[in-house]
Amino acid sequence: MPIALARRAIEDCAKSIALAPAEPLAAAARMLAKTLADGGVIYICGNGGSASQAQHFAAEFVGRFLMERPGLPTVALTTDTSILTAVGNDYGFEQIFARQAQALMKPGDVLWGLSTSGRSPNVLKGFEAAKAAGGRCLLMCGPTVPEGLELDMALTAPVPETPRIQELHLLYGHTLCQLVDHLLFDAPGELDK
């Protein structure tokens with residue numbers, strides 16, 4: 001029985017991966033690479049497993065992904081427990097990313113939010129603060145983008161199950177890392193096309 005369940009999970013994951021949208025990923029990578037090329041910073045946020053992925057993606061940009069290159073300015077807004085608990089205590093949990101976006105972001109920076117539902121209140125408030133600071137917003141979510149959001153781009157995972165959404169988000173994040181590296185270091189002339 002466990003072997004059959006394992007096979008089914010692997011097959012479900014493979015089917016989800018086959019649905020990954022190449023064109024939106026390329027467009028998002030171009031936005032991130034342009035941000036970095038212009039001296040901007042990428043800020044990433046999310047809750048739970050998405051918080052872990054935010055930290056993972058920030059580490060890939062600051063450290064390295066597949067090539068040796070300088071670190072790229074990327075910050076996970078999920079890591080400073082003093083800020084998270086102080087803002088959560090004083091202003092409410094919904095403000096933990098907004099307060100950081102307001103304090104840190106400048107025009108041209110990007111706030112990259114991960115939310116499997118697409119409706120995490122603190123991520124959405126973060127987007128509002130990012131826009132107010134002149135930043136751009138990238139949402140990675142499940143199959144539906146909530147209406148009324150002021151986003152520059154959304155990458156949806158066209159599957160309903162949270163584990164499959166998170167697996168696609170991991171694929172999307174790794175793909176973005178690889179494409180940004182390519183655009184910045186292998187083919188910088190492609191950024192202006």
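Taken as a whole, the structure places residue 98 among residues that are touching an Asp or Glu at 6+ places or on another chain (Cβ under 9 Å), of a type in the set (A, V, I, L, M, F, W, C) and more than 24 Å from residue 175 (Cβ to Cβ). Tally up the residues in segment 94-107 that are exposed (fewer than 15 other Cβ atoms within 10 Å of the Cβ) and either assigned to a helix (DSSP H, G or I) or hydroxyl-bearing (Ser, Thr, Tyr) (or both), please. Residues that pass the stated criteria total 1. Assessment of segment 154-173 against the conditions (at pLDDT 95 or above and more than 25 Å from residue 59 (Cβ to Cβ)) yields no matching residue.
Restricted to segment 67-90, and to residues there that are touching a strand residue (DSSP E or B) at 6+ places or on another chain (Cβ under 8 Å) and assigned to a loop (DSSP other than H, G, I, E, B), the residue that is nearest to residue 44 (Cα to Cα) is 77. Of all residues in segment 3-24, those satisfying the criterion of being in a helix (DSSP H, G or I) and either at pLDDT below 85 or under 16 Å from residue 159 (Cβ atoms) (or both) are 8, 9, 10, 11, 12, 13, 14, 15, 16, 17, 24. Among the residues of segment 128-143, some residue qualifies, meaning at least one is in contact (Cβ under 8 Å) with a residue 60 or more places away in the chain and either surrounded by fewer than 17 Cβ atoms within 10 Å (Cβ to Cβ) or assigned to a helix (DSSP H, G or I) (or both).
The values are calculated or read from the model by the stated rules, or taken from the named source; none is laboratory data. Fair warning: this is a prediction, and the values are worked out from it, not measured in the lab. Please note: Cβ atoms are built from the backbone with ideal geometry, for glycine as well, and neighbour counts cover all protein chains shown.
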